[in-house]
Structure formats: C-alpha cells, structure tokens
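Take a look at the structure below.
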Amino acid sequence: MHRFDDLDMKLLYELTQDGSISVPTLSKKLGINASVLYSRIKRLMKKKLIKKFTVEIDDSLLGIGVKASVGITEILSLKIQFIKNSWKRQKLFQFQKLLVGLIL
C-alpha cells in the first residue's frame, strides 16, 4: 500500500471538486510551487491513484431526459458485502416467485 500525505489528500480533494483546474491556479490555492504540484500529480497518476481525468456533461443540453449513474466502491470488504447482499436478494426473489407460483 502506498502512503499519501496531507498535500496529496488536499490535491485529490481539489481535483475531485474541479478536475479541469489549471496547475497554476491550483498551486496558488494550495500555496505550493506549480512545479512541485505538477510532479505530485504525475506521481499520483504513476501510482494509479489518479486513473483518469474525465468530463461531466449536461445531458439536458443534448436533449437526454433520463439518466442513471451507478457507482460501486473498490473497497474489497464492501464489494464482498454487496455481492453477498445481492445473492441474498436474488434468492429471496426466487423464493417469492416460488411462493406466488404455489399460491396461484
């Protein structure tokens, strides 16, 4: 596991708030030299903590009315819990179908 300091965490927070922020603007906001900040971003990308920079689109301007976004965390214990709960719901649904079939 990699270790990340307070500056890394502040940097990540700011990037999650606005991934399009320029390095000079961000360096002023954090009070850090721009070249140091640029190196930090590159290091976090190399360590795969930052996977990509992305864009959020206003779908309504494209005429798209309904959209669903689903996110699943990468934390293993939560993944396992999610899978177990999904399995339980599936079994419960199958059991309910069986009961309805018997009643009808």
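Please treat every number below as a calculation from the coordinates, not as lab data. These numbers come from a predicted model, not from an experiment. Glycine gets a Cβ as well: all are built from the backbone with ideal geometry, and neighbour counts include every protein chain shown.
Calculated FRET efficiency, Ser20 and Lys47, Cβ-Cβ r, R0 22 Å, to nearest 0.05? Don't skip to the answer; put the middle values down first.
Details: r = 22 Å, r/R0 = 0.99.
Between Ser20 and Lys47 the formula returns 0.50.
If R0 is 22 Å, what FRET efficiency do you get for Arg3 and Thr54 from their C-beta distance, rounded to 0.05? If you can, show how the numbers build up before the last one.
Working: r = 26 Å, r/R0 = 1.17.
With a Förster radius of 22 Å, E is 0.30.
All other residues with a Cβ under 11 Å from the Cβ of Asp18 taken together, and with Lys, Arg as +1 and Asp, Glu as -1, what is their net charge? Present the calculation step by step, with values, prior to reporting the outcome.
Details: positive: Lys29; negative: Glu14, Glu56.
Computed value for this residue: -1.
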Quick one: Cα convex hull volume of segment 1-54, Å³ per residue?
73 Å³
